[in-house]
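Here the structure comes first, spelled out in structure tokens, and everything after it is commentary.
What follows is calculated from the coordinates using simple rules that are stated; it is not laboratory data. Since this is a predicted model, take the numbers as computed values, not measurements. Neighbour counts run over all protein chains shown; Cβ positions are idealised from the backbone, glycine included.
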Amino acid sequence: MTNEIQSRFFDRDGTLTYQNPVKEAWFIRQVEAWSGRSFTLSYEKMMELFGEASKGRKPWYRNVEEEKQFFQRYYWYLLKREGVEEEVEERANLLFSELWLNHDRCLFEETEEVLSYFAQHGYRLGVISDSAPSLELSLQALGIGHYFSSFTASSIVGAGKPSPIIFRAALESLGVTAEESIYVDDYKPEADGARELGFASFWLDRTGENHDLWTIHSLKELTLYAESANDTSQG
């Protein structure tokens with residue numbers, strides 16, 4: 001007999017939420033207006049700015065207050081790097097106030113429907129995210145925080161996905177085993193990492209281009225899997 005599925009764990013970014021394109025466009029326009037030149041933010045540039053804002057310290061932040069101070073410094077360094085010389089502190093504070101937990105993320109269309117379904121059927125839900133300490137606050141701001149009993153952020157655990165450390169911390173937080181849990185992530189290596197530990201773990205490929213046993217194209221497909229898995233365990 002297989003273990004009955006008791007819990008569902010979700011990645012946040014790209015799975016439950018996506019970056020608000022209106023805020024992203026505003027951010028680019030503001031920096032370009034202040035600097036007088038074209039602005040793009042590559043991953044490499046962002047990581048360099050993280051290093052400057054953290055002053056070489058790791059972890060970058062260990063709680064929400066440190067996170068807020070970090071991102072205020074981050075935007076200051078960003079503006080200086082882009083050649084902004086006037087009112088740098090005031091402008092950095094404006095970016096922070098507009099972009100930190102202020103409609104900076106949106107929910108995918110099916111997110112709340114799927115969370116509501118699992119909550120109504122008595123499953124315990126958790127989030128596992130390579131994110132800052134404000135993970136729980138970010139989901140509360142989106143109106144879905146109440147669905148979750150567990151918020152596992154890499155910045156607090158001290159390890160990111162696909163490290164077993166962060167997955168085990170999430171399991172411990174709900175008192176379940178990997179074999180009793182489903183996980184879904186829009187990044188395949190992280191979904192694979194959870195599966196190696198024993199999760200029924202799905203890669204969420206919203207492009208619809210990939211098809212295999214452990215690939216889904218919408219969160220709604222999780223409800224079908226959950227029903228079939230529990231039917232099997234009770235058979």
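For semi-axes √(5λ) of the Cα gyration tensor in Å, the candidate list reads [x] 32, 20, 15; [y] 26, 20, 18; [z] 37, 18, 15; the entry that matches the value derived from this model is [z]. Taking θ as phi - 60° and the Karplus parameters 6.51, -1.76 and 1.60, the scalar couplings of region 184-193 work out to 9, 8, 7, 10, 4, x, 6, 5, 5, x Hz in sequence order, x denoting glycine and proline. Taking loop as defined by DSSP and a crowding limit of 10 other beta carbons within 10 Å, which GluC sites (Glu not before Pro) in region 69-132 fit? Listed in order of number, the matching sites are E85, E86, E109. Can you find, among S163, L174, H146, the residue farthest towards the positive end of the dipole of region 90-184? Put +1 on the C-beta of Lys and Arg, -1 on that of Asp and Glu. Of S163, L174, H146, it is S163. Couplings for region 210-216, taken from phi via the Karplus curve 6.51 cos²θ - 1.76 cosθ + 1.60 with θ = phi - 60°, read 10, 9, 7, 4, 10, 10, 10 Hz in order; Gly and Pro are left as x. When the chain is treated as a GNM with alpha-carbon contacts under 10 Å, the residue of F202, F27, F96 showing the greatest mean-square fluctuation is F27. If only the Cβ of Lys and Arg carry +1 and only the Cβ of Asp and Glu carry -1, the dipole of region 29-118 around its Cα centre is close to 520 debye. If you put +1 on each Lys and Arg Cβ and -1 on each Asp and Glu Cβ, how big is the dipole of the chain around its Cα centre, in Debye rounded to 20? For the chain, the charge dipole is close to 640 debye.
Look at the dipole of region 21-99 built from charges on Cβ: of G56, A33, V22, the Cα furthest out on the positive end belongs to G56. Quick one: helix 221-234 against the long Cα principal axis of the chain, what's the angle to the nearest 10°, folded into 0 to 90? Between helix and principal axis, roughly 30 degrees. Most tightly packed first, judged by the mean number of other beta-carbon atoms within 10 Å of their residues, the peptides 148-157, 127-136 read 127-136, 148-157.
Cα to Cα, under 25 Å, and not fewer than 8 places away if on the same chain: which lysines meet these conditions relative to K68? Cα-Cα hits under 25 Å: K23, K45, K55, K58, K80, K161.
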